[in-house]
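Comments concern the structure below.
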Amino acid sequence: MSRSRLFRTAARIAVAGVAAVTVAACGTTDDAAPADGGGTRTVSHAMGTTEIAGPPERVVVLDSGELDSVLALGVTPVGAVAADGSGRLQSYLADRTRDVAVVGTIGEPNLEQIAALRPDLILSNKVRHEALYGALSQIAPTVFAERVGVAWKDNLRLAGEALGRPQEAARVLAEYEDAARAAGARYGDPAQVEVSMVRFVGGTVRLYGAGSFIGTVLADAGFARPAAQQADTTFVEVSQEQIGQADADRLFYGAYGEQGGAAQAAVTGGPLWQSVPAVAEGRARAVSDDLWYLGIGPIAANLVLQEL
């Protein structure tokens, strides 16, 4: 469906009203973690302000970070988008998303399916869906984060505010920070251990920097980074001939999608990869792209710490 048609569809649904439908996926909340506030509140976010009445019960999330965050806060959304065309949500979330309806992809959310779920809150971010904000707001109160990746902690706090669970968000972050310090301490002095992050996307090789989700996790654990990955950017692209810049005391690599997998196979099967000291000496490990690069939330962050 084209973007213009999506807009027209959303507007039509908003004007005509959404018919009552029976849906298989139902939003749930964890009774052990009650909402911190009810009533009507005003939430400030990247696109302005949004009025939210009471604790939302039917939440739709349109990015992987928002999915991770709401689950960490004890809310199972009624709908979420897949990272790609596979129709699957992140594998590391496993049974947590069993009853969540997939409503398109991050690149193309399906507005008709979203509206049919009768959400009372939609969460996403300006980076992915700025052009869709108006259409989404006609379906339900919509809250957008400003950035993705490196801003995942702020995004968790924003989700906590939108859900009426700010105290739960603060607790989740405090526990994560304790876990990060403990993970680094297992290496003695983590500041003396360089950790390199490599990702294969399409036909490119990316070295992930300090300005990324995984960069923040490594920094919170106290690890050092190779020179090429110390920049405050999400990643820098290098050629296959420059793969030596990925060397470090520990090297972790993953691939996004089929094209990324093909690029990974081509590079890791070649002599240049084998000549990287971390690879030659057995200090390189393949990791789940779903978890280490697409997670962008506290559940993923804690699982990464466990794997480290």
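The values are calculated or read from the model by the stated rules, or taken from the named source; none is laboratory data. Predicted, not measured: the structure shown is a model, and the values here were computed from it. FYI the Cβ positions are ideal-geometry reconstructions off the backbone, even for glycines, and counts take in every protein chain you see.
Structure notes:
- Verdict on A266 being under 30 Å from A151 (Cβ atoms) and either assigned to a helix (DSSP H, G or I) or at pLDDT 95 or above (or both): no
- Test: residue in the range 120-139 that is more than 19 Å from L173 (Cβ to Cβ), small (G, A, S), at pLDDT below 95 and touching a helix residue (DSSP H, G or I) at 6+ places or on another chain (Cβ under 9 Å): no
- Members of the range 208-228 found to be farther than 20 Å from K153 by Cβ and either loosely packed, with under 15 Cβ neighbours inside 10 Å or touching a residue at least 24 places away in the same chain (Cβ under 8 Å) (or both), listed by number: A224, P226, A227
- Conditions (1) under 20 Å from A301 (Cβ atoms); (2) touching a residue at least 24 places away in the same chain (Cβ under 8 Å): number failed by R157: (2)
- When V198, V193, V205 are screened for being without any contact (Cβ under 8 Å) to a residue 60 or more places away in the chain, crowded, with 23+ Cβ neighbours inside 10 Å and over 19 Å from G297 (Cα atoms), only V198 passes.
- Residues that are farther than 19 Å from I139 by Cβ, of a type outside the set (K, R) and in contact with a strand residue (DSSP E or B) (Cβ under 8 Å, 6 or more places away or on another chain), drawn from the range 87-111: G87, L89, T97, D99
Table: residues versus (1) within 18 Å of the chain's Cα centre (by Cα); (2) of a type in the set (S, T, Y); (3) modelled with pLDDT of 95 or more; (4) farther than 21 Å from L291 by Cα.
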| site | (1), (2), (3), (4) |
| --- | --- |
| E194 | no, no, yes, no |
| Y208 | yes, yes, yes, no |
| T216 | yes, yes, yes, no |
| D220 | yes, no, yes, no |
| R250 | no, no, yes, no |
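- Residue within the range 239-257 that is in contact with a Gly (Cβ under 6 Å, 6 or more places away or on another chain) and of a type outside the set (D, E) present: yes
- The helices (runs of 4 or more DSSP H) falling completely within the range 121-240 that include 3 or more residues that are assigned by TED's automatic domain parsing to the domain that holds A286 and of a type in the set (G, A, S) map to 213-221.
- Residue in the range 252-287 that is farthest from the chain's Cα centre (by Cα), counting only those that are crowded, with 18+ Cβ neighbours inside 10 Å and polar (S, T, N, Q): T268
- Considering the conditions (1) without any contact (Cβ under 8 Å) to a residue 24 or more places away in the chain; (2) within 14 Å of the chain's Cα centre (by Cα), A72 is excluded by exactly one of them, (1).
- Scan of the range 70-86 for residues that are closer than 19 Å to A140 by Cα and in contact with a Gly (Cβ under 8 Å, 6 or more places away or on another chain), ordered by number: V75, T76, P77, V78, V81
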